[in-house]
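Beneath this line is the structure, given in structure tokens, with notes to follow.
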Ligand code: SF4
Ligand code: SF4
């Protein structure tokens, strides 16, 4: 089991989650984060930190594509352990539907360590 970052993180990227993860298993894309499913210990402390409500346990039905996306990009993106600059327009994208098709970027972020 693991937790996964899902669609509403895209272009919100508040990054409060990375500050609390005890095993530093978040990875930064250009406009969202991913959790490495092999490193996550399922402690759930990141869940209430996410003001975009974007982190769920992978036992929630329908999240298989997001689990795959998290595994794929956690292997490609840089590790992030400290909160960086939040996008200035993050609040405007919080809750917007269909963000994956509109805005998902496979490019890596520039994690500040
Ligand atoms: S706190 Fe939520 S929205 Fe922010 S980066 Fe983490 S998962 Fe994404
Ligand atoms: S559930 Fe725990 S170990 Fe997994 S990403 Fe969240 S804080 Fe890190």
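Annotations
- Selection status of residue 56, without any contact (Cβ under 8 Å) to a residue 60 or more places away in the chain, within 11 Å of the chain's Cα centre (by Cα) and under 13 Å from residue 14 (Cα atoms): no
- Flag if residue 26 is within 10 Å of ligand 1 (Cβ to nearest atom), buried (at least 18 other Cβ atoms within 10 Å of the Cβ) and over 13 Å from the mean Cα position of the chain (by Cα): no
- Residue 65 loosely packed, with under 15 Cβ neighbours inside 10 Å and touching a strand residue (DSSP E or B) at 6+ places or on another chain (Cβ under 6 Å): no
- The listed residue being more than 9 Å from ligand 1 (Cβ to nearest atom) and closer than 14 Å to residue 93 by Cβ, out of 53, 31: 31
- Condition check for residue 27 on (1) within 19 Å of residue 98 (Cα to Cα); (2) modelled with pLDDT of 95 or more: one failure, at (1).
- Filtered residue count, region 1-38, keeping only those that are near ligand 2 (Cβ under 7 Å from one of its atoms) and out of contact with any strand residue (DSSP E or B) (no Cβ under 7 Å at 6 or more places or on another chain): 4
- Cβ-Cβ under 7 Å pairs, at least 6 apart or on other chains, region 30-45 side under 20 Å from residue 106 (Cα atoms) and touching a residue at least 24 places away in the same chain (Cβ under 8 Å), far side near ligand 2 (Cβ under 9 Å from one of its atoms) and assigned to a loop (DSSP other than H, G, I, E, B): 35/2; 35/25; 36/25; 37/2
For every residue, the table says whether it meets (1) modelled with pLDDT of 95 or more; (2) buried (at least 17 other Cβ atoms within 10 Å of the Cβ).
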residue	(1), (2)
7	yes, yes
14	no, yes
18	yes, yes
42	yes, no
49	yes, no
53	yes, no
60	yes, no
102	yes, no
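The values are calculated or read from the model by the stated rules, or taken from the named source; none is laboratory data. The shown structure was predicted, so the numbers you read here are calculated from the model rather than taken from an experiment. Here the Cβ is made from the backbone with ideal geometry for all residues, glycine too, and neighbour counts use every protein chain on show.
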